[in-house]
Amino acid sequence: MKVAQNSYMFSMIVFELQDIVGREYVSTRAADKETYSIDFFWIPEMWHDRQSTWDLTRPMADVIVHPADADEVSKVLKIANNYKIPVTVWGGGSGSQGGALPVFGGIILDTKRMDKIYEIDQNSMTVEVGTGIIMQNLEWELESLGLSTMHDPGSARCATVGGFIAHRGTGVLSNKYGKLEDMIVNMEVVTPTGEIIRTLPVPKTACGPDLNQIFIGSEGTLGVVTKVTLTVHRLPEVRQFRAFIFPDLGTGLQVGQKLMTEHLQPAVIRLYNEEETHELIRKVLGIEKHGAYMVICFDGKKKMVELQMNYAREIAGEASGEDLGEEPGEVWWKNRYKFFFPPYMYQLPQCFGTLDTVATYSRIEGIYLAMKQVVNTKYPEARFIGHFSHWFHWGCMLYARFIIDHPPEDPNEVLFLHNNIWNDAMRAAMDAGGVLNEHHGIGLKLSRLTPELYGQAFEIIRTLKKSLDPNGIMNPGKLGLGL
Amino acid sequence: MTLISKEHQNTIEACRYCPMCRHSCPSEFIRYRESDTPRGRAILLYNVYESGMEFEPSTIESMYNCFLCGACKSWCAGYELGGYDIPALVRHARQDIVSQGKAPAIVERIRNGLMENDNPENLDKNGAYTAGVEEHAAEVLLLLGPGIDYHYHEIAQDVERISRKIDVSYTFLQREPDSGKILDLLGYPDEAKDKAQSLADRIKRSGCRTVVVCDPMVYDALRSDYKNWGVSLDDIEVMHLTEFLVYHIRQGNLKLQTANQKVTLLDSEFLGRYQGIYEAPREIIKNSAGVDFVEMQWHGEYMLSSGEAAFTFDDDLFSEGGVLGEKILCHAAKVEAEILITLSATAKRHLRGNTDIEILDIAEFVALRMIE
C-alpha cells in the first residue's frame, strides 16, 4: 500500500475493512505479516532461513482479512479498487510456486472462513462447498457417507479446494478421475471489480465459451472463486495395487501408454526413473531394486478390477516387467503422504525444486532426457530424479526434481542458481514440446517464463486481465502479468 | 534468554515450512490465522531463537494461543522419526517470555490467581467444594482439580457417592491446593515447583495410600511433571479416576445398570495424548450392560480438542470454548449419540451449546448408573 502504516490514512482503510468482515478478522499484527510472507516456495523459505546471517527482508502484506462469504469478498475488492491496493488470495499457503505471496504488499485475502459444505446431492453426485475448506476435511465428511471427490493429493491436509482450482491441482487418482478442474460443475466467483457471478449450472453445454475455464488456473489474478460444485463418486468396492520393475524407463513409459490407451482405466500409474527408484524407494519403502519401478492401481467393482489387473499384468509381462506383487504397491499407497513430511521431505539447506511438465507420449521421453541432460551437464552439483505420475490418453506428466545438497551460502547467488536451473530445464522442456507446468501452477516462480510459453497467445491472457481487472490489483507479479 | 535445546531446534527447522498438520490445529480455526498454526509458531520462533529477534507482542500472543493439545504430533507422519514437539517448544518459549518480563497481563492475572487462591480465575476459596470439607485420615485422597472444585460441585458429590458405594475410606484436602500444572504450562516453572511441593507435602501429611485424581491436567502433573521437578510422593499411588473406577468394577465392587442408550466419549488431551489413557473410560462405559457405545469419527489419539489447556486467546481469557464444543457436538450428533461423556470439567463447560445430547462427566455417568 502506498500509505505509511503509522499514518491515519492506513488506519482509515483498515477501519473500512473491519467494517466489512469484523474487527477480529482483520489483522495488521507483525506475527501474521511474517507468517503470511512464506508459503511453500523455496525462495521465501531460503530467504527466511538466511535472515539470521544476511541482511534480508521479505515482501509482506500490509493487512490480512478473512471474509466470510462472497458478499464480504466483493466489498473488500471494491475497497481495494478504490484505493488501488494489491490483493493476494491465500488458501492453505501450501503452494510451491509462490502464487500466494504478497510480493507487492497490500491485502492478503485469506479464504479459510469460507469453509462450509452447503449441499451433498447424492442423486446428481455433486457437492457444493466454500472454496476455503481444507480438502481433507471435505473428504472426511464425504467419506462418512461413502463418497469421495477422488481428489487425493499430498497436500490435501493443508490446501484448500480454492487453491486447487487456482493452480489446476491434481491428485494420485487423476488417471481415472481427472484433475480437480475436471471435477468442477460450476462456481461462484467474485470478479476483481467486485461483481458476484455464477457460472452455468452444468459444465457441458452448447452455450458459448465455458466461463469456468476463464477462472480455473488463473491463480487469483482474475478474481476470487468463493464457492464450487464438484463431482463426487461412491467409494470403490476394492482398490488393488501391484508393483513392477522394468529394465529401463523407456519400457516403463511404453507400458504406461498402453495401459491408458487400451482404456483399462488404471486409477494410478506411478513410474519412477532409475535414480529415483534407487534413492527414494530405498529410503522410504525399504526396497532395494534397480530399474524403473512402477506402481499401478485399479479400483471399482471387484470383478472388474480383477479383470483389469489381469490385463495389466499381461501387458507388463510382455514388456519383461518383474512382477513384485501387491505388497510393494500397498506399501507405497499407505506411505504416499509420508514423502511430504520431514525428515523424509527435502529441507533447507538443500536447494531443490519440482520441474514438472506434461507432453504427448511421442515427446515425453525426449523431454525427460533433455531436462536431465541440461541439469546434469550444466549443474553437476545437482541430482536429477523423476517419476511419471499423472497419465492421460494422449500423454503423461513428468514430475522431475533437482536437489543440491550444499548450495552456495550467499542468498542472491543461490537464488540465481535456483532460477537458472529452472530456466534451463523448463526451456529445454518447452523446446522439446513440453510446457511450464502440469499441476503446481505458475505463481511467482515461473511468471517470467509464461509469456515465452504462450508466445503471441499471451496477449489474449493479458487482454482478459486488463478487461476483468482494470486497476491490476489481483495478485500482481504472478502468471507473467506483472503490475 | 535460555539456550534452545537441540530437540527444540530440530522442531523449529522441521516445522517452520511444513504445513502438513494444518488441518489438525484447533487454534487456527478460531480466527483462521497463519500465526496460529504449528508452522506459523515455528516460523516465529525461528525469528527469535535463530535470528535473534525479540519476542514482540503478536508473537507472544501466538504462543499463548496454542492449546498445547498435541494434535500436531498425532498427525505428523515424521513424528516417530523426528520427534517434533510443538507443544514442548511453545512451553519453552513461554518460559522465556515470562523470564523476560513479557508475559501478557492476562497471563499474569491467571498466575496471580493460582498463587493467591489456587485457581486460575482467582475465585474466592470459600466457594470451592473443598472449602467446607473436613480432612481426616483415609486410604484414598480424592483430588478434584480447580474445574470441579469451583465450577462443578455436582461432579464432586457424585465422586463422593461412588466412593461411599464402593466402601472406600476417602478424604479431600481442605481448600485443595493448586498442583502447579497450569503455572508450568503458562511459563512459571519455579512457582509451579513451589506449588507442587506444597501439594505433595499435604498429600503426604494426609496419610493416604492412594491419590485418585479427577482432573486430567493435575493427573499429568502428578504422574510426569513431579518426577521431573524432583517432587516426591513417596510410595503413594497416583491413579486417575477412570483407573480407580475400572479397578473397582473388575473387583466386583461397582456394578452399573443397563442403560440402553447410545453413548460416546470425548477423549481427554492430557489423559490420552500425554498419559496414554484411552481404554479405561471405554471399559467403564461398556460395562454398563446394554449401552450402545459408539466412537466419534475422531477419537483416541486423533481426538478433537476440547481446549483443556486453552487459558487465553488474543490476550484475553479464552472464551471460544463454544466453537470447539460445537464441532465436537456435531460429530457426536453424526453418530446419533444420546450421551456424550467427558473426562474434564473444561470439556464439559465447552460443550454447553444448544443440543439434545446429554453431556455427562464420567463420574456423573457412573453415579447415575451404579447399582446401589
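Assorted remarks:
- Filter pass, A:I245 being among the hydrophobic types (A, V, I, L, M, F, W, C), modelled with pLDDT under 95, more than 24 Å from the chain's Cα centre (by Cα) and surrounded by fewer than 19 Cβ atoms within 10 Å (Cβ to Cβ): no
- Put simply, of B:D215, B:D190, B:D194 the only residue that is crowded, with 23+ Cβ neighbours inside 10 Å and of a type in the set (D, E) is B:D215.
One line per residue, one yes/no per condition, for (1) buried (at least 17 other Cβ atoms within 10 Å of the Cβ); (2) within 26 Å of B:Y302 (Cα to Cα):
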residue	(1), (2)
A:L101	yes, no
A:G106	yes, no
A:K116	no, yes
A:V127	yes, yes
A:G130	yes, yes
A:I133	yes, yes
A:L145	no, yes
A:S148	yes, yes
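- Some residue of region A:333-341 being within 14 Å of another protein chain (Cβ to nearest Cβ), of a type outside the set (F, W, Y) and closer than 30 Å to A:F416 by Cβ: no
- Region B:82-117 - residue that is part of a loop (DSSP other than H, G, I, E, B) and without any contact (Cβ under 8 Å) to a residue 60 or more places away in the chain and, of those, farthest from the other protein chains (Cβ to nearest Cβ): B:G101
- Whichever residue in region B:118-156 is touching a residue at least 24 places away in the same chain (Cβ under 8 Å) and among the polar types (S, T, N, Q) and, among such residues, is nearest to B:E372 (Cα to Cα): B:T130
- Any hit, region A:17-25, residues being crowded, with 19+ Cβ neighbours inside 10 Å and away from chain B (no Cβ under 14 Å): yes
- Counted residues, region B:360-372 - those being closer than 21 Å to B:G307 by Cβ, touching a helix residue (DSSP H, G or I) at 6+ places or on another chain (Cβ under 6 Å) and surrounded by fewer than 24 Cβ atoms within 10 Å (Cβ to Cβ): 1
- Neighbours by Cβ (under 6 Å, 6+ apart or cross-chain): first from region A:286-297, farther than 11 Å from A:T251 by Cα; second among the basic types (K, R): A:E288/A:R282; A:V295/A:R270; A:I296/A:R242
- Of the strands (runs of 3 or more DSSP E) lying entirely inside region A:85-165, the ones with 2 or more residues being under 30 Å from A:F352 (Cα atoms) and in contact with a Phe, Trp or Tyr (Cβ under 8 Å, 6 or more places away or on another chain) are found at A:107-110.
- Within the set A:K258, A:K303, A:K289, A:K283, the sole residue that is surrounded by fewer than 23 Cβ atoms within 10 Å (Cβ to Cβ), not assigned by TED's automatic domain parsing to the domain that holds A:E365 and not in a helix (DSSP H, G or I) turns out to be A:K289.
- Any helices (runs of 4 or more DSSP H) falling wholly within region B:1-81 and containing at least 3 residues that are within 24 Å of A:M60 (Cα to Cα) and facing chain A (nearest Cβ under 9 Å): B:6-15, B:28-31, B:38-49, B:57-65
- When each of A:T88, A:T35, A:T111 is tested for being touching a residue at least 60 places away in the same chain (Cβ under 8 Å), crowded, with 19+ Cβ neighbours inside 10 Å, within 11 Å of chain B (Cβ to nearest Cβ) and among the hydroxyl-bearing types (S, T, Y), the lone residue that passes is A:T111.
- Flag if B:I328 is more than 14 Å from chain A (Cβ to nearest Cβ), closer than 27 Å to B:E243 by Cβ, touching an Asp or Glu at 6+ places or on another chain (Cβ under 7 Å) and among the aliphatic types (A, V, I, L, M): no
- Hey, A:H278 outside any strand (DSSP E or B) and either without any contact (Cβ under 8 Å) to a residue 12 or more places away in the chain or under 27 Å from the mean Cα position of the chain (by Cα) (or both) or not: yes
The values are calculated or read from the model by the stated rules, or taken from the named source; none is laboratory data. All of these numbers come straight from a predicted model, not from anything done at the bench. Cβ coordinates were reconstructed from backbone atoms using ideal geometry, including for glycine residues, and neighbour counts include every protein chain displayed.
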